[in-house]
Structure formats: structure tokens, C-alpha cells
């Protein structure tokens, strides 16, 4: 497993990298809520949040 951090631009840089990766199942992206908020804050995005991310899941972190 190779972990590659792509910080910056409110998660836009990393999510753009994952959105444009080959759909071969070898790339996974974990993002924060900024991923869903960014389209309302930015006029242009390098990807479509709804069309380029059809298999989004919500993972919940729980503190014990």
C-alpha cells in the first residue's frame, strides 16, 4: 500500500487527483466535509462533486 497525501486548496487538490485516477479499484480517497462544501464556495471546480464521485460513502468516527 502506498499512501500519498495531497493537502491543499480545501481538499480540492487531493479529490481532483482521485477523481481523475483510472477506475481500476487501486485508488481510494478519504475526505472531510469540505469536499461537499467546496462547490458552494468556489465558482469553478476541476471535477463534478456528484458525477465524478458516484460511490461516496459516509464513514463515521466514534470516540469511545
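When the stretch 29-43 is filtered for residues that are in a loop (DSSP other than H, G, I, E, B), over 9 Å from the mean Cα position of the chain (by Cα) and closer than 15 Å to residue 14 by Cα, only 33 remains. Beta carbons closer than 6 Å, at least 6 apart along the sequence or on distinct chains, pair a first residue in the stretch 1-30 that is touching a residue at least 12 places away in the same chain (Cβ under 8 Å) and at positive phi with a second that is surrounded by fewer than 14 Cβ atoms within 10 Å (Cβ to Cβ) and not in a loop (DSSP other than H, G, I, E, B) for 10/34; 11/34.
Of all residues in the stretch 1-28, those satisfying the criterion of being assigned to a loop (DSSP other than H, G, I, E, B) and surrounded by 10 or more Cβ atoms within 10 Å (Cβ to Cβ) are 6, 20, 21, 27.
Read-outs: derived from the displayed coordinates by stated rules, not from any lab. Computed from a predicted structure; not experimentally measured. As a convention, Cβ positions derive from the backbone with ideal geometry for all residues, glycine included, and neighbour counts pool all protein chains shown.
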